[in-house]
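The values are calculated or read from the model by the stated rules, or taken from the named source; none is laboratory data. No experiment lies behind these values; they were computed from the predicted model shown. Positions of Cβ are generated from backbone atoms using ideal geometry, with glycine treated the same way; all protein chains shown enter the neighbour counts. We work out accessible area using only protein heavy atoms, side chains counted, and drop any ligands, DNA or RNA first. Shrake-Rupley method; radii C 1.70, N 1.55, O 1.52, S 1.80 Å.
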Amino acid sequence: MKLDELQAGHAGIITAVGGEGILRCRLLDMGLIPQTKIQVTKIAPMGDPMELSLRGYSLTLRKEDAHNIDVEEDAV
């Protein structure tokens with residue numbers, strides 16, 4: 001499933017990072033790399049952006065960018 005499909009409070013493990021060029025490099029630089037555990041902590045009232053918790057910090061990401069990340073849902 002894609003990261004933008006995870007609901008608030010749910011967690012997963014990143015399996016692949018898509019995108020092309022600078023977008024993919026930026027996502028990897030932010031710590032969104034395969035085998036990283038990630039949790040969706042909040043989703044904005046209008047549905048975009050979403051706040052994620054990973055590697056000990058919080059990250060806000062647009063759903064358009066989150067759609068490039070494949071995750072396997074995991075129990076919290």
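Suppose all protein chains stay in the model; what accessible area per residue would a 1.4 Å probe give for the chain, in Å²?
Working: 4520 Å² over 76 residues.
Spelled out: the 1.4 Å probe surface of the chain, per residue, equals 59 Å².
First compute the accessible area of the chain with a 1.4 Å probe, then give the percent of it belonging to carbon and sulfur atoms.
For the chain, the apolar C and S fraction of the accessible surface comes to 51 percent.
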request  = Hand me the GluC sites (Glu not before Pro) from the chain located in a DSSP loop with no more than 16 other Cβ atoms within 10 Å, in residue order please.
outcome  = 20
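How large is the helix-only mean residue ellipticity at 222 nm for the chain, computed as the sum of -39500 (n - 2.57) over DSSP H runs with n ≥ 4, divided by its residue count, in deg cm²/dmol to the nearest 500?
Details: 2 runs with 13 residues, N = 76.
Computed mean residue ellipticity for the chain: -4000 deg cm²/dmol.
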task = Compute, for residue 37, the solvent-accessible surface of its heavy atoms (probe 1.4 Å) with the complete set of protein chains present, and express it in square angstrom to the nearest 10.
result = 110
query = If we count every other residue with Cβ under 13 angstrom of residue 72's Cβ, Lys/Arg +1 and Asp/Glu -1, where does the sum land?
reply = -2
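So if R0 is 22 Å, what FRET efficiency would residue 20 and residue 67 give, r being the distance between their Cβ atoms, rounded to the nearest 0.05?
Approximately 0.95, to the nearest 0.05.
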